[in-house]
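K.L.:
Pasting a structure below so you can have a look.
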Amino acid sequence: MRLAARLAALSALVLTAVSVGALPSSAVASSLPVASSAVASSAIASSDVASSAAVSSGVEVSSAVSAASSYAISSAAASSYAASSAVVTSYAVSSAIASSAVSSAISASAATSAPSVPLTGEVSGVSYTVSSTYTIYGDPVPTNPPSLATSPTAGEPPYNSGSGTEVGWQTLSISSYAFSSFPVVSPTPLPPVFPSYSPLYPPPVENSGSQIVPDFSDAWDVAFAKAEAFVSGLTLEQKVNITTGEYQEPILCVGNIAPVADWPGLCLQDSPLGVRDTDFNTLFPAGITVAATFNRTMMRLRGLEMGQEFRGKGVNVALGPMMNMGRVAQGGRNWEGFGTDAFLSGEAAYETVLGLQSVGVQACAKHYVDYEQEYKRTQESSNVDDRTQHEIYQKPFLRAVMAGSASVMCSYNMINDTYACENDRTLNQLLKGEIGFRGYVMSDWGAQMSTLSAVAGLDMTMAGGIHLSTPDGGSWWGPNLTAFVDNGTISMARMDDMATRIMAGYYLLGQDNNYPNVSFNASSLYDTVHDKHIDVQADHYKLVREIGGAGAVLLKNTDGALPLNKPRSIILVGSDAGNGAMGANGYSDRGGDDGILGVGWGSGTANYPYLVSPAAAIQERARLDGSSLTNWYLDWDTEGAASAVEQVDVAIVFVNSDSGEGYITVDGNWGDRDNLTLWHNADNLIQAVAAANNNTIVVAHSVGPSIIDSWAENPNVTGIIWANVAGQEAGNAITDVLYGAVNPSGRLPYTIAKALEDYGVFLILGGDNDTILSIPYTEGLFYDYRRFDQYNITPRYEFGFGLSYTTFEYYNLAVSVLPQYDPTDLALEAAWEAGVPTPQGEGSSTAFWLHRPYVQVQFEVQNTGALAGTEIPQVYVHFPTGSGEPPSLLKGFDAIYLEPGEVQTVTITIPRYELSIWDIIAQGWSKPEGSFTLSVGASSRDFRLTGPIPI
Ligand code: BGC
């Protein structure tokens, strides 16, 4: 069945609760959301909704204007962001007093305004006095994970741009925010462009990108009404308990909120690619691999099937998707995310959230924000200018919010000198303000740094304790939060807002309706009391295999070396072709590299139910074809390999490159990769094989780009497939591509450079235990392909590149402005067209008119070869000269399956938002002056059609 048809069938299953068959346990099946065919809009219409959702455009403009003045402070701060001062709101006068005496976390400083009554209390065993303004110190010294608190003494990666370090603690601004939940500023839902949807019944996926902008505000309003009713009946302690993870009790999930009254609490569980720490689950392809498909249907389906598994195990909150931006090619967790481009990452985040939440699981968009390296992740400040923040790092989060994500996880690092989980600018002003996020912000595990983080926008602390490893060290919240609210330091209104946001996420996904109980114990598979070993896999292996095939990128194919056609003899070279000696789950959290690499390491993994190696899959095929098949797995014995491959028709060399989260070190790599060379002597092995066999095909299972220039142009290397990290079906997926059962259509979601130096942006290393590393994002918008284009650097393989076994031609480009039949926002649209920046207000960056289809791009694509295949046409916008934008920016893509000779018209639309730049002075989105053009093509450098955009 074609994917679109399968998706329709799957959605139908979910809608009619027939997914009984998909989730074998009857307990699970009976609790799936039961729905009539009635779609959300009618189901959730209520007078409550109508009154709170009816915000007229008049109100929108005026509230925007008044909000604009209060944002004046932040815009001033924004322009000086390069100097990386924390954003300080009106009464946050705070001088950093670096002193060990401030282990109380809160210290009195010169009183100027705000609460005047001195307060006393206790934070983690140390008494404190509070008066007037507060200075919050990053104390205790963050040592999570402990291994990161000490610097490497030897073997540091060679590329340390070495720019300054910062020592000392930073101040936390105390927000003047009112802290009442606010609606997204939007017009009343207006079908067919802004229809009202519930996350349980999202709009159908379209491979070319959605033509509609779903409005989830009705669903949020209903959820908030329920949440407010629930929270209004609680005591202060109960409200606090909703916000504070269970850090002292034995717990079942990686994060747990204890039951409160008759509410059962929450189970929060990793990971972005499947249910972690359990069994009878699927290990899906990683984010980077689904990004490489450039196929929204696959992104949505993966989210949906993962959601079914989380739900089936009783997980309320799935800790994904992960959307950090692959800024540094060596970044350890890049493979968990969706690559280096903000548009592609945004689309993948959007579809993943819609898929996950469609089965009633809360998504958690992480890690917010600017968390791009593992080294000293708790002791670094990512110093990011306001424009770059808006245009790149924040963008996938904006899209996740537009998909209705119930939660967001703030990251370990600092942003412009303030910790991400107590950062008023990013949490209150940007996420909850501009983007209009109505859900809750949870801390990464141990990333909370103070009790007062509540006023900077944190709603839930995870895992709950100050220290991950010593739960008896107390919590910043729990009794401390109660004390702070009791004594007026934190308002009850804010406390209510925190608890209400969390409960709203629960109601938004209908989790009050027969949600399954937790049926596993993340810390022990052998817990006979709690671990029910429920099988949630259904037939998800099929999608895993499809994504693995569609996410494999064919980089080189000389004279039709591929697909293989019944070769008489085959040799598989390299340990990556087989299974590791310790089995698929031999290393905890996959923290080892032996055998076929299907995933990186860390919390972003799951247990494999099984792992199909390339050798196992190819053997099946060899038997059918009558091919002789042998292998050579001794990676360091290159002489042996060279003699083994002689006289063999085709030598397939399997190589890999691994990375992961910083709490595990593998082969000297502290999470981040020490370098970009392939592992296990791969370059030497490939060259030795190619010297002895003139039909050498290289398959790389790699967490990201690697430098392959020592052999990429070797004429005896006749094929290269970049297979990413494909999950449990990795062997089957690559065999499908090698033999042509799948015609490759994967595209690189990052640039493969000729040399590491070409990337221009590197890990920042060094520092000692007390050092806070300064990570200047001074490259701004210019990393990965944007940098290569800007500075005319020739890559080995560019972003968006990937070959097929067939060929495609592009014709007849037509670019037009769509008729705007929605009268609601005409004034705003006209102002934008005249170059006026968008007004500020809550939800202003997600305002529907800014995201509705605006420009339409149409062209034809024909399959001009002999095999059926899928083409990934990509639309790149070239902003006007002088706008400060990179030469080309991805703004649209599609995935079209074509039979030989078949022609299809492709229609892609672009909203105003994608044609805007962030104006740091006005703090709004604006259309830069000058002429826009766009190109349509097969990669970021293979443009086939170009034309002006008539705006
Ligand atoms: C990771 C998160 C993860 C959490 C819970 C942290 O170390 O950064 O991504 O969700 O642990 O396991």
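Just so it is clear, none of the values below were taken in a lab; they were calculated from the coordinates. Keep in mind that this is a model prediction, so the values were computed, not measured. Glycine gets a Cβ as well: all are built from the backbone with ideal geometry, and neighbour counts include every protein chain shown.
K.L.:
Take Ile775, Ile921, Ile257 and order them by how many other Cβ atoms sit within 10 Å, fewest up front.
P.N.:
Ile921, Ile257, Ile775
K.L.:
Using the Kirkwood radius over C-alpha pairs as Rh, can you work out the diffusion coefficient of the stretch 299-347 via Stokes-Einstein at 4 °C, viscosity 1.567 mPa s, in µm² per second?
P.N.:
107 µm²/s
K.L.:
Which of the pairs Lys239/Lys366; Lys376/Lys532; Lys313/Lys366; Lys542/Lys891 have their Cα atoms more than 32 Å apart in this structure?
P.N.:
Lys376/Lys532
K.L.:
Show me 877-888, 317-328, 748-759 ranked by packing, highest mean number of other Cβ atoms within 10 Å first.
P.N.:
The densest-packed peptide leads the list: 317-328, 748-759, 877-888.
K.L.:
Based on other C-beta atoms within 10 Å, arrange Lys566, Lys376, Lys532 from fewest to most.
P.N.:
Lys566, Lys532, Lys376
K.L.:
Now a separate question. Would you list His533, His701 from fewest to most Cβ contacts within 10 Å?
P.N.:
His533, His701
K.L.:
Ranked from highest to lowest mean number of other Cβ atoms within 10 Å per residue, what is the order of the peptides 725-731, 259-265?
P.N.:
Numbers: 725-731: 29.6, 259-265: 14.3.
Put in order of decreasing packing, that is 725-731, 259-265.
K.L.:
Can you work out the base-10 log of I(q)/I(0) for the stretch 706-767 at q = 0.23 1/Å, using the Debye formula on its C-alpha atoms alone?
P.N.:
Summing over Cα pairs of the stretch 706-767 leads to -1.11.
K.L.:
What Kirkwood hydrodynamic radius do you get for the stretch 806-949 when you take the inverse of the mean 1/r over all pairs of distinct Cα atoms, in Å?
P.N.:
16.4 Å
K.L.:
Per residue, how big is the convex hull around the C-alpha atoms of the stretch 216-508? Give it to me in cubic angstrom, could you?
P.N.:
Per-residue hull volume (Cα only) is 119 Å³.
K.L.:
Another one. What percent does the relative contact order of the stretch 351-489 come to when contacts are Cα pairs within less than 8 Å and at least six residues apart?
P.N.:
20 percent
K.L.:
Count charges around Ser198 for me, please; just the other residues with Cβ under 13 Å from its Cβ, Lys/Arg as +1, Asp/Glu as -1. Please list the in-between numbers first.
P.N.:
On the way: positive: none; negative: Asp215, Asp218, Asp221.
Once positives and negatives cancel, what remains is -3.
K.L.:
Can you compute 3J(HN,Hα) from phi for each residue in the stretch 542-554, using the Karplus curve 6.51 cos²θ - 1.76 cosθ + 1.60 with θ = phi - 60°, rounded to whole Hz and x for Gly and Pro?
P.N.:
Listing the rounded values in order: 5, 5, 4, 5, 5, 5, x, x, 6, x, 8, 10, 7 Hz.
K.L.:
Can I ask one more? Mind checking which lysines have their Cα closer than 24 Å to the Cα of Lys566? Skip sequence neighbours fewer than 8 apart in that chain.
P.N.:
List returned: Lys556.
K.L.:
Something else about it: If you filter the stretch 599-686 for GluC sites (Glu not before Pro), then keep DSSP loop positions with at most 15 other Cβ within 10 Å, what is left?
P.N.:
Answer by residue number: Glu646.
K.L.:
Would you work out the relative contact order for the stretch 216-508, in percent, from Cα pairs under 8 angstrom that are 6 or more residues apart? Before the final figure, lay out the partial values.
P.N.:
Details: 636 pairs, mean separation 60.9, N = 293.
Result for the stretch 216-508 is 21 percent.
K.L.:
Do you know the relative contact order of the stretch 806-949, to the nearest whole percent, from alpha carbon pairs under 8 angstrom that are 6+ apart?
P.N.:
Details: 306 pairs, mean separation 44.2, N = 144.
That works out to 31 percent.
K.L.:
Continuing with the same structure: Please report the net charge: other residues with Cβ closer than 10 Å to the Cβ of Asn693, K and R +1, D and E -1.
P.N.:
Counting the neighbours of Asn693, the net charge comes to -2.
K.L.:
Please compute one quarter of the surface area of the Cα convex hull for the stretch 540-748 and express it in square nanometres.
P.N.:
10.5 nm²
K.L.:
Still on this structure, please answer the following. Going by amide H atoms built from the backbone, whose H comes under 5 Å of the H on Gly892, apart from near neighbours?
P.N.:
Val875
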